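Some notes on the structure that comes next.
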Amino acid sequence: MKSQNFAYSFTTSKNINEVFTHLINPQNWWVGLFGETSEGESNHIHDEFSFRAGDGLHYSNQKLIELVTNKKVVWLVTESKLTFLKNTNEWAGTKICFDVEKESDKTKITFTHQGLIPQIECYGGCSSAWTQYLQNLKEDLA
C-alpha cells in the first residue's frame, strides 16, 4: 500500500553536497511565507530548534534524530501548538524528512512529512503550505 504521508520531490543541477548543506539549516528553506522565526541548532544529532509562524498560529519544536551526510535528514516534532486546529498538538510525533540522492546528472530531493496524512485535520492547510515552501526551495536551488 502506498504511503499517504505528504511528500514532494524535485531535482536540481546543484551538487549533492551543496544541496545537503542548504537543507540541514531550516532557516534556509522554512521561511518566506508567514513571518517565520526559528531558534536553536540543527547541525548534530539531538540538536533542537523551535519554529514559529503566523503571529503565533504555529509553534513547533523539532529534534534532529537522523543525519546521514549527503543522503538524509530527519527531524522529530517533539511538541506542537497549532492554534488553528482542534488538536493543537497534532504534529507531535510526526517526522520531517529530506532524502537526497544522485539521479543521472542531477540531485533529487524528496521531502516527506511522515504522519501528515489526509485523515488529520491540518492535512489540507499544512500540505498546501509545505508545497509553497518546497516550490520556493526548488527555485532557490535552481
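A few remarks follow.
- For beta carbons closer than 6 Å, sequence separation of 6+ or different chains, a first residue in region 26-38 that is free of Cβ contacts under 8 Å to residues at least 24 places away in the same chain and a second that is open to solvent by 70 Å² or more (accessible area, probe 1.4 Å) and in a helix (DSSP H, G or I), the qualifying pairs are 38/27.
- Of 102, 72, all but one fail to be within 14 Å of the chain's Cα centre (by Cα), surrounded by fewer than 17 Cβ atoms within 10 Å (Cβ to Cβ), more than 23 Å from residue 32 (Cα to Cα) and among the basic types (Lys, Arg); the exception is 72.
- Taken over region 111-134, the criterion of being assigned to a helix (DSSP H, G or I) and either of a type in the set (Asp, Glu) or more than 15 Å from residue 60 (Cβ to Cβ) (or both) is satisfied by 123, 124, 127, 128, 131, 132, 134.
- Residue that is nearest to the chain's Cα centre (by Cα), among those in region 8-41 that are open to solvent by 60 Å² or more (accessible area, probe 1.4 Å) and closer than 17 Å to residue 129 by Cβ: 27
- Residues that are over 19 Å from residue 126 (Cβ atoms) and in contact with a helix residue (DSSP H, G or I) (Cβ under 7 Å, 6 or more places away or on another chain), drawn from region 44-72: 69, 70
- Flag if residue 77 is within 24 Å of residue 125 (Cβ to Cβ), surrounded by 13 or more Cβ atoms within 10 Å (Cβ to Cβ), aliphatic (A, V, I, L, M) and at pLDDT 95 or above: yes
- Search result, residues across region 42-55 that are under 20 Å from residue 135 (Cβ atoms) and either touching a strand residue (DSSP E or B) at 6+ places or on another chain (Cβ under 8 Å) or open to solvent by 60 Å² or more (accessible area, probe 1.4 Å) (or both): 51, 53
The values are calculated or read from the model by the stated rules, or taken from the named source; none is laboratory data. Remember, predicted model here, so these are calculated numbers, not experimental data. With ideal geometry, Cβ positions are generated from the backbone for all residues, glycine too; neighbour counts draw on all protein chains shown. The area values use the complete protein model at the heavy-atom level, side chains included, leaving out ligands, DNA and RNA. Shrake-Rupley method; radii C 1.70, N 1.55, O 1.52, S 1.80 Å.
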